[in-house]
1. How many square angstrom of accessible surface are buried between A and B, both sides summed, with a 1.4 Å probe and rounding to 100?
2. Using helices alone, I'd like the mean residue ellipticity at 222 nm for chain A: each DSSP H run of four-plus residues gives -39500 (n - 2.57), total over residue count, nearest 500.
3. From the Cα trace of the range A:92-158, what convex hull volume per residue do you get, rounded to a whole Å³?
4. Using +1 on the beta carbon of Lys and Arg, -1 on that of Asp and Glu, and nothing else charged, what's the dipole of chain B about the Cα centre, debye to 20?
5. Which one of A:157, A:127, A:253 is farthest out on the positive end of the charge dipole of the protein assembly as shown, using unit charges on Cβ (Lys, Arg +1; Asp, Glu -1) and the Cα centre as origin?
6. Roughly how many percent of the accessible protein surface of the protein assembly as shown is carbon and sulfur, given a 1.4 Å probe and a whole-percent answer?
7. What Rg and what Dmax come out for the protein assembly as shown when only alpha-carbon atoms are used, in angstroms?
8. What ³J(HN,Hα) values, in whole Hz, does the Karplus curve 6.51 cos²θ - 1.76 cosθ + 1.60 give for the range B:34-39 when θ = phi - 60°, with x put for Gly and Pro?
Amino acid sequence: MSVLNKMDPFSEETLEKRYEYFEAMRNEAPVFEAAPGVYFVGGYDAVNKVLRDTRNFSSSNGAAFLNFQGEAGLAAPSAPPPEIAAILAESVPERDTLLSGDPPAHTRFRSLVNRSLSPKRIAKWEPAIRSVVDDLIDDFIDTGKVELVSQFAQQVPLIAIAMVLGVPPEDREKYKDWSIRTVKTLAGRLTREDALDAARATRDLRNYLEDRVEAARLHPEDNVIGDLVNAHMLADVDGDEAKYRPLDTPEIVSILQQLLVAGQETVNYLIGSLTMRLVENPAELERIKRDPSLVPALVEEGVRVESPIQALGRFCVNDTEVGDVTIPAGSRVVILYGSANRDVCRFAAADQLDIDRKNIREHVGFGAGPHYCVGSALARMESRIAFEQLLSRTKNLRFAEGRNDFTHKYNFIFRALNELHIEFDKA
Amino acid sequence: MKLEINYRKCARSGQCFYMYPDLVQKGPRDLPRPLNPEIGSDDVGRAEELVEICPMEAITLGP
């Protein structure tokens, strides 16, 4: 553990150069105890195994492993401190639905949301999303330059997820702000002030969503909120008879909160990072521009090599062997998707963007198993449309000279460029 | 009705065999395999759901 013990995985320096850290880790141990009772899992096979094993690796009190830990980077999460609990108590109570759920309850919620976000259901939004993307491009196309992160990458998923869920897009500045503040809890180290601010943002977001749910109960529409207020899920099996019940408001708010935040803070980062990679590879860029049918492969490879979600957690319920290591019951497990996706044991020349890769769909950028990203079809569609339009309407995409430092946000969970200044000619 | 899986599209999410274990099971390399490709009339509704929720549209139900 020589190299690893010298590196603090939560420092800004390590996180900026995280792929070097991951590589060092995989070379020494695909599974290792990073702190007492906390296991990092970074090898592809080990990650894939943990993700698919919900019996031994629980998401309940495990998925959001960095919450409320104050300054101690790896301390085990506990119930929120009283001052934070008091803020959260001013909104509907928290429920385990998707991210923090385990089968069989998770399966029931998941089954409902799967159908709301299926490829067939979301296809109807494609023209509207394409029009949003074109409007965004219209705003900068004549200037020949763009700060891509704030003017494009952030905006596309923000507007798209609002339409699909059924949240008014004109409120987007509000929920963008709430979303950014809530995900600070995933950074790695959190000041007390950040933790309080995140709790206030969570409270305000939940209250806002509660109002949307109550409105939808009166006038349900053809969107995710409408689906959820009309949905019935299995409550109980009494003999041979299955009993169904509607979802209550805290459950729907929980689902919407996750979809709204995860829907923004992912595609956003993918569009930024993948544009950077494309500009670095002008030959590939030209090839995809000439043949837009390659865009889905570009997006797929982008999710692998520039995974927006780098890590999530689990709680180990039983002693379980992963690789050569036995992870003891009671341990916290940190799943490093960003590391697994660059494991050379699985992906040749893993750091390279290669859209012709034979095993291009074997990445775990969307996870694997029961918790596989519920919005993956939407994420793929939004990203495809964004690159189809961006590449067809511009040419000679290039970095604005001297304006990019290519640094990333300080965040353990997400990989996100701070800025990306691009220049181009109008196609 | 016959359940078919297009392995060229499959991304091994596993949603099919985790959500519908009575219709699809996990095969080698985390790839799904229909338990019985012939879907009886009682199961057609669930099989249609299964087809719909595949994130890669890799599953079809045909005659």
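1. Using a 1.4 Å probe, the pair buries roughly 1800 Å².
2. Numbers: 18 runs with 198 residues, N = 427.
Calculated at 222 nm, the ellipticity per residue is -14000 deg cm²/dmol.
3. Here the figure is 136 Å³ per residue.
4. Details: 8 positive and 10 negative charges, 91 e Å.
Computed charge dipole of chain B: roughly 440 debye.
5. Of the listed residues, the answer is A:127.
6. Working: 10280 of 20520 Å².
That share works out to 50 percent.
7. When restricted to the Cα atoms of the protein assembly as shown, Rg and Dmax are 22.0, 70 Å.
8. x, 5, 8, x, 7, 9
The values are calculated or read from the model by the stated rules, or taken from the named source; none is laboratory data. Since the model is a prediction, treat every value here as computed from it, not as a measurement. All Cβ positions, glycine included, derive from the backbone under ideal geometry; neighbour counts span all protein chains shown. The accessibility values were calculated without ligands, DNA or RNA, using every heavy atom of the protein model including side chains. Shrake-Rupley method; radii C 1.70, N 1.55, O 1.52, S 1.80 Å.
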